[in-house]
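K.L.:
For reference, the structure I am asking about is given below.
Throughout, read-outs are computed from the coordinates displayed, never taken from laboratory work. What you see is a predicted model, and the numbers here were worked out from it, not measured in a lab. Neighbour counts are summed over all protein chains in view; Cβ atoms, including those assigned to glycine, are modelled from backbone coordinates with ideal geometry.
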C-alpha cells in the first residue's frame, strides 16, 4: 500500500502504532509530488529539506518515548495566504513574492505544537480573489481530474494537492466559497467553519468580515480530525468566539439521520444550474432521505441578491485591507521613483494583478463619499436580510442542502475574459459567508465528462458537529469519495 494513498486518519493510526516512520511518510509524499506536481502545479513553495530534517528529528525523539499528538508527523500543505514563520508567504502576488513572515498564523502554530510536517505552500488566486486559480502571479494550477480544467479557487492549489495525493490534507481559506468550490471541482471534502470558530490571526486579509480558514481533505473524518486541531478561541483575533469546541470525531459515530430535518431551498435549483449537477444533487437528497432524514422544501428568498451584496462588501473591505501594500513597510517596491506619491502608484501598479486592481477600484468606489449609502450602506442592510432568511429557515430545519457549484469544473481560460461569469461560479456558496454559517462541500457524483460534482450542507452557527455527522452518514452510504483521479 502506497503511503500517499492513505487518508489523514488512517495514516495517523499507522504512525501512532509505530508501523511507519515520519521519514518514510515524507519520502513517500515527496516521491508522489515529484511525479505529479509538474502537471498539477499545486504548490508555490515546497519545503522538502525542512520536512526531511523535521521527520528525522521526530523519528529520533520518538525512539526514546513514543508520545504523539493527533497530527504528529502528518504531511500537510498550507494555502499561501496563511503566514508561516521563515517560509515565504506570497499570496500568489508579485507584491509579496519575496515576503517571509517573522511569525506563524495561529492555525499554523496550533499544527506546529502538534509537530505536523509542512510539505509546502499552495497556489491561489492572487490575494484569494478569484474562482479558478488563474489569477495567480505564478500561473494557474490544474484540476487533477482533467488537466485542461481549473481546480476552482481561490484555494485551488490546496484542493488540487489533496485530490492529487500530494499531501494528506491541506488548509484553505473561504471568503465567498474559496474552500468549498475548489473542493467540489476536485472531488474532495472542504469545510468552511462558522465565522469566529477558527482564528484568522496570520491570515493575510481579503475581506475581514467574511474570511475563514478551514480544512480540505479526502474524507469527512479527515476534515473533522483537522478541524479539531485548528478550532478554538484565540485572543489574537478579536472576532474569534470563546465557545467550547465539541468533539467532532465523536459526532461521526451516529451513522443514521433519524430526527434530522433537512431543508432544500428552491432558489438554489433555478435556471443556470447544469442539469447533471441538479440530477446528482437530487439523487444525494434521496440518499439523505433513505438514511432517515426528514426532507422538506424551504425558501431563502434573498438568495438572488447575495452575489451583488458580496461584491460590494468584499471589495470595500479589500480596498481597505490592501491599502497597506504601499512599497514602504514590506513587500514589493517599485524602482526609480521620484517622490513618495509616485512610489505608491508605481508599486501598486506593478505589484497587483488585474483582478486585484479591479476589486480595489470597485471597493474604493462603493466607499467613496457620494456613493457610500447607495452601495455599501445598502449592501450591509441586505446582508442582514440574507441572515434573517437563514434564521427563519433554521427554525424549521436542522441543515440545508444545496449544490456546491452550478456546474462542474470549467476549462482553463473559459471564463477569464468575463469577470461576471467567473463571479457567478460562487453563487451557491456566497450567502453562507454573508451569514457567517458553517458549510461543507463533499463529492456526490460525476459528470458525463468524468468531472466531480459537489454537494453542500449548511449548518446552524457553531453546529459543525451536526453538519459533519450528516456529511459522514452520506459519505458512508456512497462510494464517490473513494474514487481517485488518474493524472496523465
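K.L.:
Mind computing the radius of gyration and Dmax over the alpha-carbon atoms of region 248-295? Å is fine for both.
P.N.:
Over region 248-295's Cα set, Rg and Dmax evaluate to 13.2, 39 Å.
K.L.:
Right, another one. If neighbour count is taken as other Cβ atoms inside 10 Å, put 145, 65, 480 in order from fewest to most.
P.N.:
Exposure proxy ranking, most exposed first: 65, 480, 145.
K.L.:
To continue, here is another question. Cα centroids of region 246-301 and region 14-72: how far apart, whole angstrom?
P.N.:
Spelled out, the Cα-based centre of one part sits 37 Å from the other.
K.L.:
Based on alpha-carbon positions alone, could you give the equivalent ellipsoid semi-axes of region 40-194 from the gyration tensor, as √(5λ), descending, whole Å?
P.N.:
Taking √(5λ) for each Cα gyration eigenvalue gives 26, 17, 14 Å.
K.L.:
Something else about it: Pulled fully out, how much extra length does the chain show between residue 368 and residue 308, if you take 0.36 nm times their separation in residues and subtract their Cα-Cα distance?
P.N.:
19.8 nm
K.L.:
Next question. What is the distance, in nm, between label points placed 7 Å from the Cα along the Cα-to-Cβ direction at residue 261 and at residue 13?
P.N.:
Once both label points are built, they end up 3.7 nm from each other.
K.L.:
Please find the FRET efficiency linking residue 27 to residue 60, where r is the Cβ-Cβ separation and R0 is fixed at 22 Å, and quote it to the nearest 0.05.
P.N.:
So the FRET efficiency works out to roughly 0.85.
K.L.:
So for the chain: antiparallel DSSP bridges make up what percent, rounded to the nearest 5?
P.N.:
DSSP beta bridges in the chain are roughly 65 percent antiparallel.
K.L.:
Further, regarding this structure: Would you mind calculating the gained length between residue 250 and residue 482 on full extension (0.36 nm times residue separation, minus the Cα-Cα distance), in nm to one decimal?
P.N.:
81.3 nm
K.L.:
Considering just Cα atoms, how many Å³ per residue does the convex hull of region 216-360 enclose?
P.N.:
Expressed per residue, the convex hull around the Cα atoms of region 216-360 is 209 Å³.
K.L.:
Rounded if a/c is under 1.5, else prolate if a/b beats b/c, else oblate: with a ≥ b ≥ c from the C-alpha gyration tensor eigenvalues square-rooted, which is region 413-467?
P.N.:
Verdict is oblate for region 413-467.
K.L.:
With only alpha-carbon pairs counted, each pair once and no self-pairs, how large is the Kirkwood hydrodynamic radius of the chain in angstroms?
P.N.:
Result for the chain, one decimal place: 22.3 Å.
K.L.:
Under the definition of Cα pairs under 8 Å and six or more residues apart, what whole-number percent is the relative contact order of region 90-246?
P.N.:
In percent, rounded to a whole number, it is 19.
K.L.:
Using the Cα atoms of region 435-488, I'd like the radius of gyration and the largest Cα-Cα distance, Dmax, both in angstrom.
P.N.:
Cα radius of gyration and Dmax of region 435-488 are 13.2, 41 Å respectively.
K.L.:
Highest first, please rank the peptides 129-136, 202-209, 29-36 by the mean number of other Cβ atoms sitting within 10 Å of their residues.
P.N.:
Listed from highest to lowest mean packing, they are 129-136, 202-209, 29-36.
K.L.:
Can you give me the Rg/Rh ratio for region 155-205, using Cα atoms for both radii and the Kirkwood formula for Rh?
P.N.:
Value, to two decimals: 0.97.
K.L.:
Of 262, 313, 298, how do they rank once you tally other Cβ atoms within 10 Å and put the fewest first?
P.N.:
Ranking 262, 313, 298 by Cβ neighbours within 10 Å, fewest first, gives 298, 262, 313.
K.L.:
If a/c stays under 1.5 just call it rounded; otherwise compare a/b with b/c (prolate if a/b is bigger, oblate if not). Do that for region 336-413, with a ≥ b ≥ c from the square roots of the Cα gyration tensor eigenvalues.
P.N.:
It is oblate, given that a/c is not under 1.5 and a/b is not larger than b/c.
K.L.:
Find, to one decimal place in angstroms, the Kirkwood hydrodynamic radius of region 1-58, where the mean of 1/r is taken over every pair of different Cα atoms and then inverted.
P.N.:
Here the Kirkwood hydrodynamic radius works out to 12.3 Å.
K.L.:
Also, quick follow-up: Between residue 336 and residue 414, with labels modelled 7 Å along Cα→Cβ, what's the label distance in nm to one decimal, could you check?
P.N.:
Between residue 336 and residue 414, the simple spin-label model gives 4.3 nm.
K.L.:
For region 30-126, would you read off the P(r) tail past 23 Å as a percentage of all alpha carbon pairs?
P.N.:
Value for region 30-126 (Cα pairs over 23 Å): 29 percent.
K.L.:
Right, something else. When only C-alpha pairs under 8 Å and at least 6 residues apart count, what is the relative contact order of region 22-172, in percent?
P.N.:
That works out to 29 percent.
K.L.:
Starting with the highest mean, order 422-435, 332-345 by the number of other Cβ atoms within 10 Å, averaged over the residues of each peptide.
P.N.:
Ranked by mean Cβ neighbours within 10 Å, highest first: 422-435, 332-345.
K.L.:
Would you please give the FRET efficiency between residue 39 and residue 283, computed as 1/(1 + (r/R0)^6) with r the Cβ-Cβ distance and R0 = 35 Å, to the nearest 0.05?
P.N.:
After rounding to 0.05, the efficiency reads 0.65.
K.L.:
Hey, any idea what Rg/Rh is for region 184-269, computing Rh the Kirkwood way over Cα pairs?
P.N.:
1.01
K.L.:
A further question follows. For a test of the definition: using alpha carbon positions, the gyration tensor, and the 1.5 limit on a/c, classify region 357-488 as rounded, prolate or oblate.
P.N.:
Oblate is the answer for region 357-488, as a/c is 1.5 or above yet b/c matches or exceeds a/b.
K.L.:
Oh, and also: Taking only the alpha-carbon atoms of region 112-186, what semi-axes of the equivalent ellipsoid follow from 5 times the gyration tensor eigenvalues under a square root, in whole Å, largest first?
P.N.:
19, 14, 11
K.L.:
At a 10 Å Cβ-Cβ cut-off, how would you order 484, 197, fewest neighbours first?
P.N.:
In order of increasing Cβ crowding within 10 Å: 484, 197.
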